[in-house]
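S.K.: My questions all concern the structure below.
The values are calculated or read from the model by the stated rules, or taken from the named source; none is laboratory data. What you are looking at is a predicted structure, and each value in this text was computed from that prediction instead of being measured. Cβ placement follows ideal geometry from the backbone for every residue including glycine, while neighbour counts extend to all protein chains displayed. Keep in mind that these areas ignore ligands, DNA and RNA; they rest on the heavy atoms of the full protein, side chains included. Shrake-Rupley method; radii C 1.70, N 1.55, O 1.52, S 1.80 Å.
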Amino acid sequence: MLRFILLRLLQAIPVILVVITVTFFLVRAAPGGPFDSDKAVMPEVKAALEAQYRLDLPMSQQYFAYLGDLAKGDFGPSFKYPGRDVNELISAGLPVTAELGAYALLVALILGGLAGIMAALKPNTAQDYIPMSFAMVGICMPTFLLGPLLVLVFGIYLEWLPVAGWGDIPGDKILPSLTLGAAYAAYIARLGRAGMLEVMSQDYIRTARAKGLPEWQIVVKHALRGGMIPVVAFLGPAFAGLLAGSFVVETIFQIPGLGRFYVQAAFNRDYTMILGTTVFLSTLIILFNLLADILAAWMNPRLRAQLGESK
Amino acid sequence: MTSIENTGNDNPVPNNKISDIAMAEQGTSLWKDAWARLKKNRMALFGLAVLVLFSLIALLTPWIAPYGYEQQNLDLGATPPSAQHWLGTDIFGRDLMTLIMYGGRISLAVGFVATAVALLIGVTYGALAGYVGGRTDAAMMRLVDILYALPFMIFIILLMVVFGRNLLLLFLAIGMVEWLTMARIMRSQVQALRQQEFVEAAVSLGLGPVAIIRKHLVPNALGPIIVYTTLTIPGVMLLEAFLSFLGLGIQPPQTSWGLLISYGAETMEEFPWLLIFPGLALALTLFSLNFLGDGLRDALDVRSSKD
Amino acid sequence: MPFNTLKLFIIILFSCLLMACIGGESKVTTGNRDGILHLGNGTEPQGLDPHVVTGVPESRILRALFEGLVVKNPYTLELEPGVAQRWETSEDGLVLTFYINPAARWSNGDPVTAHDYVWSWQRAMNPAMGNLYAYMLFPVVNAEAYTTGKLEDPNDLGVKALDDLTLQVTLNEPTPYFLQLMDHYSTYAVHRPTIEKFGKATDRFTKWTRAKNIVSNGPFNLSEWLLNRRISVKKSETYWDADKVKLNGLVFYPTENIVSEERMFRAGQLHLTNDTPLEKIPVYQAMENTPFMQAPYLGTYYYMLNTQRAPMDDVRVRKALSMAVDREKLTRTVMQGLVFPAYAITPPGTLGYQPPKLFDYDVEKAKALLAEAGYPNGEGWPGLELMYNTSESHRKIAVAIQQMWKDALNIDVTLANQEWKVYLDALTQMEYQVARRGWIGDYVDPNNFLDMFLTGGGNNKTGYADPLYDELILTKAPQAKSKQERFALFYEAETMLMEEMPIIPIYTYSTKRLVDPAVKGLPSNLMDSFNFKYVWLQAENTTKEGE
């Protein structure tokens, strides 16, 4: 097991290097530069700016200089926010997005997991159709619609919750977490139902039933592990994808998270910021995919048995 | 190591698959049986009917739309449903029903084309990686990791600038992104199936890898693939709306359901019909897709018919 | 484990709900009590270094933190003393002398001196600084040569400290609008010891503007800067005119999404917004004691025509397109009657200047012109692409105008919505046919609009070039003896410009924002210029907050 993890971590290094290289040249190939602005920029001023950011050097030198800085853990200064470096921007936005993502996943797991299990226990009955219809609504209800809807109902009409902000007014974290969680809840419900259905028809569940165990015990003790495997496989990339996916929610609720930085960096041609967030994101994706694989192994009884033997 | 690489396994593999060899050999009867089973599923048939109807409307829109889609009446502005405009008008005084019909053309096209691209690439790639295994598999999956991590927005901007604006290109670009998850799911399915007796039997019968993948692995992994596909289509439609909203997708006055919904969401208090009707169109399509998907999955699942 | 988490989550959820319901005193209510103004500020500022940043949100914060030599009265836009107690202009208009208020202080207690200005302006114009607004000071002797690197010694610049409190500025030629620029942040003084403590004078990356580091000279001091969250400023104790400052502080929110901003306002989280969604405006206008405030804004929204590309190289085509735009209808419907039709580049009424109006909405004439140009009733029309950058209002206008052209001239125009940087790049490369653009004046003077169209000017980008026009703007107007003569020359130039029609003026901007009734002393003005010194909060007894 340890060997496998180490190997995957080793493989991550070339992956990240390729990501950096491709991104580095990709962003420079995109039309428009970081200093293009609404008003004409004098050539002398532009040259001075480019010199400050090393953009006057040949591309290869820029590239190796960047790698050198990166090796020292320095993502470089931001183009859009002079006086801030990318490390600072990421460390300001990350905790917020991570917290938002964690709450959203919690919402998603609880709502989606429960709905999926309920549906799978009595397929093709009302207990299946009702939660699954909600899940469908969740899937086709984009966040840019659900967010404002929740705000209007709970923020404006009922005046129960704040309409925007993060950690500013008590309760302002609830609506964004619900909004972001809803879409994932819908996916989890669908995937969870499918997974549970597969498991519930397995021999070992039938054996458990034959033993006369109560249904809830069968679900909790036996079926849940196997049935949630597809969910776990989905969660790995999903959690990493939250970073990019939280952009809309962060915009609607004025949340100072990383998602806004990630998307806006692309629009601002903030080269260092794009690279910084991308490197960061790719590391996260690799880690979470790995974690999902490990978790799935732990949950899959057959594979676990194999692992046990190989020890 | 390979045994642990297996761990992406999604579904515990069904038993008695050996019988599937016989089934696959006479492929036509598999589909015939499936169709027979599908016909009994009312919800699935309803879904199919709605989708066929919507596709027909989309195809015939230029001839049957009540108004021209760019036909404005600025002085009229946004009005609620009326006798002249059954679903009301938008802020330009354009007929909403016409807009929804034209929008359906784009949304359905992007939904199906991009998803088809994603399916084709994802399933092939995932099946290959899962079947071959070892270093090749590791290398292929790391490529997927790389593509996951690249900044999508910049990629789209570049595509649009280098190749110009092109609807087909937009569809392809979206499909190129969506295939990644599909590949991961397919791979984990194939990995689990590969060690099953019926595959080994097929190998011993001397079937080549392509034939095995096509005849045995893909059909047996259809369930999760269908479920994920029904999840992908709405995802793709909304992604198109997001890109178009940012100026990276289709150009006004062309429109799509996703765009209509996003504009409608901004004015949902003042002009709720601008949100409700496009939303209904999208929701109805997705529900239908879902019913059809579930129906197809059940119909193609050999086991469930035996249970 | 999941069930414990579930319980915990539910408990947290409900306690939050309870707290929100019980402790639900809005920011507006607490702000009114504590004298803190909460305002939507559009976006997170790039930074707070006056010589680095550009942009309206930045300028608003800088206005609270710093003060220029001269400030504008928010009601009349007339100049009044800022850091300078008084000032004199020499008879030939070339030498300005500023007498600095001896009571002016930096927030650490240091006096503000003329030397601060000399050093700051040298910094602002230093080529290494990369200051995008360096050109604001180009009327100063040798400024342009220094910024473009043709002159090495900053001491040759036309800015001198005669003594600690007397600043002398020498100009290249009489520049009537120069005094106005003293209220622009690019001419603000910065605190030398603070900047040098954190790095080189011209280093853009230092942390001198952070909340604990910054030293400024305005009515407020920076107390908190939370990235993408809020920026808070507190009343300054050292400000020379502190007695007049009524607010205890301000909180700026980076409200990028105007729809969310409007909801924040409705929920009592903001005293005033940066903008208002167009569709919401009729609702607010219908209210009694409406919080909606609208005022003309010194800016013009227009379409640029690339005069170097067919079919736009034919002035008849340009005129036909311009005449086929029904501006009255467009502003009345799509823009909700909030902006004013424009027929020239200069907004009407800039210090009494009235721009020429050479044409009107005239479909018949437009058709005739197009026919003359070889496209009778749109026949043989080669197609045209109208480019705009991603934004809801640009989209709406483009969609409407596309249809107007189709209806009036029977020509096909395609729309191209471009991402901002792609759009800018296309403009710079002149890779466009028709492109949307807006210009907001930096100072109130026709020159600010007309000097865009000088031959080869950086903001011209239409290919318009006319030596006679250049001469009027560059040589004749600055030498004019009187305001009337100067304006007559501008009028002549603008008439020439509009005869050639390299642009299609569409409307004159207006500011549209929601303002809580408790906010006092914040008049609308042409420059949308806030002077927070004069603002106070006074909740009326009948306000609906705290319900």
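S.K.: Sort through A:GLY171, A:GLY192 and tell me the only one that's surrounded by 24 or more Cβ atoms within 10 Å (Cβ to Cβ) and not aromatic (Phe, Trp, Tyr).
M.R.: Working: A:GLY171 fails: surrounded by 24 or more Cβ atoms within 10 Å (Cβ to Cβ).
Of A:GLY171, A:GLY192, the one residue that is surrounded by 24 or more Cβ atoms within 10 Å (Cβ to Cβ) and not aromatic (Phe, Trp, Tyr) is A:GLY192.
S.K.: Right, next: Identify, from the list B:VAL236, B:VAL199, the residue that is open to solvent by less than 40 Å² (accessible area, probe 1.4 Å), within 14 Å of another protein chain (Cβ to nearest Cβ) and among the hydrophobic types (A, V, I, L, M, F, W, C).
M.R.: Details: B:VAL199 fails: within 14 Å of another protein chain (Cβ to nearest Cβ).
One residue alone meets the criteria, B:VAL236.
S.K.: Something else about it: Against the conditions (1) touching a Gly at 6+ places or on another chain (Cβ under 8 Å); (2) buried (at least 22 other Cβ atoms within 10 Å of the Cβ); (3) in a helix (DSSP H, G or I); (4) at pLDDT below 90, where does B:SER107 fall short? Just the number, please.
M.R.: (4) is the only condition that B:SER107 fails.
S.K.: Out of everything in region C:195-228 that is among the hydroxyl-bearing types (Ser, Thr, Tyr) and in contact (Cβ under 8 Å) with a residue 60 or more places away in the chain, what residue ends up being surrounded by the fewest Cβ atoms within 10 Å (Cβ to Cβ)?
M.R.: C:THR202
S.K.: Filter region C:111-137 down to the residues that are at pLDDT below 95, open to solvent by 10 Å² or more (accessible area, probe 1.4 Å) and part of a loop (DSSP other than H, G, I, E, B) and list them by number.
M.R.: C:ASN126, C:LEU132, C:TYR133
S.K.: Residue check: is A:ILE285 free of Cβ contacts under 8 Å to residues at least 60 places away in the same chain and among the β-branched types (Val, Ile, Thr)? Give the derivation first.
M.R.: Details: free of Cβ contacts under 8 Å to residues at least 60 places away in the same chain: yes; among the β-branched types (Val, Ile, Thr): yes.
For A:ILE285, the condition - free of Cβ contacts under 8 Å to residues at least 60 places away in the same chain and among the β-branched types (Val, Ile, Thr) - is met.
S.K.: May I pose another question? Would you check if C:SER186 is assigned to a strand (DSSP E or B) and either among the charged types (D, E, K, R) or open to solvent by less than 30 Å² (accessible area, probe 1.4 Å) (or both)?
M.R.: No: the conditions fail for C:SER186.
S.K.: A further question follows. Select from region C:386-433 the residues that are more than 24 Å from B:ASN73 (Cα to Cα), within 26 Å of the chain's Cα centre (by Cα) and more than 10 Å from every other protein chain (Cβ to nearest Cβ) and list them in ascending order. Walk me through it before giving the result.
M.R.: Start the filter on region C:386-433 by keeping residues that are more than 24 Å from B:ASN73 (Cα to Cα), which leaves C:389, C:418-433.
Filter again for within 26 Å of the chain's Cα centre (by Cα), leaving C:389, C:418-430, C:432.
Across region C:386-433, the qualifying residues are C:MET430, C:TYR432.
S.K.: Right, next: Find all pairs meeting these conditions: Cβ atoms under 7 angstrom apart; at least six residues apart or on different chains; first residue within region B:131-151 and more than 9 Å from chain A (Cβ to nearest Cβ); second residue among the β-branched types (Val, Ile, Thr) and part of a helix (DSSP H, G or I).
M.R.: B:TYR131/B:VAL190; B:TYR131/B:ILE213; B:GLY133/B:THR2; B:GLY134/B:THR2
S.K.: Within region A:8-39, which residues are at the interface with another protein chain (Cβ under 7 Å from one of its Cβ atoms) and part of a helix (DSSP H, G or I)?
M.R.: Answer for region A:8-39, where residues must be at the interface with another protein chain (Cβ under 7 Å from one of its Cβ atoms) and part of a helix (DSSP H, G or I): A:GLN11, A:VAL15, A:VAL18, A:VAL19, A:VAL22, A:THR23, A:LEU26, A:VAL27, A:ALA29.
S.K.: Look through A:PRO58, A:PRO43, A:PRO82 and report the one residue that is within 24 Å of C:ASN459 (Cα to Cα), free of Cβ contacts under 8 Å to residues at least 24 places away in the same chain and out of contact with any strand residue (DSSP E or B) (no Cβ under 8 Å at 6 or more places or on another chain).
M.R.: Values: A:PRO58 fails: within 24 Å of C:ASN459 (Cα to Cα); A:PRO82 fails: within 24 Å of C:ASN459 (Cα to Cα).
Among A:PRO58, A:PRO43, A:PRO82, only A:PRO43 is within 24 Å of C:ASN459 (Cα to Cα), free of Cβ contacts under 8 Å to residues at least 24 places away in the same chain and out of contact with any strand residue (DSSP E or B) (no Cβ under 8 Å at 6 or more places or on another chain).
S.K.: Within region C:74-91, work out how many residues are open to solvent by 30 Å² or more (accessible area, probe 1.4 Å), outside any strand (DSSP E or B) and not hydrophobic (A, V, I, L, M, F, W, C).
M.R.: Looking only at region C:74-91, we keep the residues that are open to solvent by 30 Å² or more (accessible area, probe 1.4 Å), and these are C:75-81, C:85-91.
Adding the requirement that they be outside any strand (DSSP E or B) leaves C:75-78, C:90-91.
Filter once more, keeping what is not hydrophobic (A, V, I, L, M, F, W, C): C:75-76, C:78, C:90-91.
The total comes to 5.
S.K.: Anything in region A:63-81 that is open to solvent by 30 Å² or more (accessible area, probe 1.4 Å) and at positive phi? List them, or say none.
M.R.: Hit for region A:63-81 is A:GLY73, nothing else.
S.K.: Being within 14 Å of chain A (Cβ to nearest Cβ), more than 19 Å from C:ARG63 (Cα to Cα) and aromatic (Phe, Trp, Tyr) narrows it down to one residue among C:PHE292, C:PHE252, C:PHE265; which is it?
M.R.: On the way: C:PHE292 fails: within 14 Å of chain A (Cβ to nearest Cβ); C:PHE252 fails: more than 19 Å from C:ARG63 (Cα to Cα).
Result of the check over C:PHE292, C:PHE252, C:PHE265: C:PHE265.
S.K.: Looking at (1) open to solvent by 50 Å² or more (accessible area, probe 1.4 Å); (2) modelled with pLDDT of 85 or more, which is the only condition A:ARG84 fails?
M.R.: So A:ARG84 meets the others, but not (1).
S.K.: How many residues does region C:245-294 contain that are under 28 Å from C:LYS235 (Cβ atoms), under 20 Å from the mean Cα position of the chain (by Cα) and part of a loop (DSSP other than H, G, I, E, B)?
M.R.: 6
S.K.: Using beta carbons and a limit of 8 Å, which pairs, at least six apart or on different chains, have the first residue in region A:166-186 and touching a residue at least 40 places away in the same chain (Cβ under 8 Å) and facing chain C (nearest Cβ under 10 Å) and the second one assigned to a loop (DSSP other than H, G, I, E, B) and of a type in the set (Asp, Glu)?
M.R.: A:TRP166/A:ASP172
S.K.: Only one of (1) open to solvent by 10 Å² or more (accessible area, probe 1.4 Å); (2) over 24 Å from B:LEU38 (Cβ atoms) fails for B:ALA283. Which number is that?
M.R.: The failed condition is (2).
S.K.: To continue, here is another question. So which pairs qualify, if the first residue must be in region C:274-289 and within 12 Å of B:PHE271 (Cβ to Cβ) and away from every other protein chain (no Cβ under 13 Å), the second must be open to solvent by less than 90 Å² (accessible area, probe 1.4 Å) and assigned to a loop (DSSP other than H, G, I, E, B), the Cβ gap must be under 8 Å, and the two must be at least 6 apart or on different chains?
M.R.: Matching pairs, first to second residue: none at all.
S.K.: Only one of (1) in contact with a Gly (Cβ under 6 Å, 6 or more places away or on another chain); (2) more than 14 Å from chain C (Cβ to nearest Cβ) fails for B:LEU56. Which number is that?
M.R.: Just one mismatch for B:LEU56, condition (1).
S.K.: Which pairs do you get when a residue that is without any contact (Cβ under 8 Å) to a residue 12 or more places away in the chain and within 11 Å of another protein chain (Cβ to nearest Cβ), found in region C:447-459, comes within reach of a residue that is aliphatic (A, V, I, L, M) and open to solvent by 10 Å² or more (accessible area, probe 1.4 Å), reach meaning Cβ atoms under 9 angstrom, with the pair 6+ apart or on two chains?
M.R.: C:GLY456/C:ALA465; C:GLY457/A:ALA40; C:GLY458/A:ALA40; C:GLY458/A:VAL41; C:GLY458/A:MET42
S.K.: Restricting to region C:144-163, and then to whatever is assigned to a helix (DSSP H, G or I) and either in contact with a strand residue (DSSP E or B) (Cβ under 6 Å, 6 or more places away or on another chain) or among the acidic types (Asp, Glu) (or both), can you tell me which residue is most open to solvent (accessible area, probe 1.4 Å)?
M.R.: C:GLU144
S.K.: From the set of residues in region A:12-62 that are surrounded by 17 or more Cβ atoms within 10 Å (Cβ to Cβ) and polar (S, T, N, Q), which is farthest from A:ILE285 (Cα to Cα)?
M.R.: Top of the filtered list is A:GLN52.
S.K.: Among the residues of region B:145-173, which ones are among the β-branched types (Val, Ile, Thr) and out of contact with any Ser or Thr (no Cβ under 9 Å at 6 or more places or on another chain)?
M.R.: Of region B:145-173, the ones among the β-branched types (Val, Ile, Thr) are B:146, B:154, B:156-157, B:161-162.
The answer is B:ILE156, B:ILE157, B:VAL161, B:VAL162.
S.K.: Same structure again: Given the structure, is C:ALA368 more than 28 Å from B:ILE91 (Cα to Cα) and surrounded by fewer than 16 Cβ atoms within 10 Å (Cβ to Cβ)? It would help to see each step written out before you state the result.
M.R.: Details: more than 28 Å from B:ILE91 (Cα to Cα): yes; surrounded by fewer than 16 Cβ atoms within 10 Å (Cβ to Cβ): yes.
Answer is yes for this residue.
S.K.: Would you confirm whether or not region A:63-75 contains a residue that is within 12 Å of another protein chain (Cβ to nearest Cβ) and touching a Lys or Arg at 6+ places or on another chain (Cβ under 9 Å)?
M.R.: no
S.K.: From (1) part of a strand (DSSP E or B); (2) surrounded by fewer than 19 Cβ atoms within 10 Å (Cβ to Cβ), pick out the condition that doesn't hold for C:ILE231.
M.R.: Against the list (1) part of a strand (DSSP E or B); (2) surrounded by fewer than 19 Cβ atoms within 10 Å (Cβ to Cβ), C:ILE231 comes up short only on (2).
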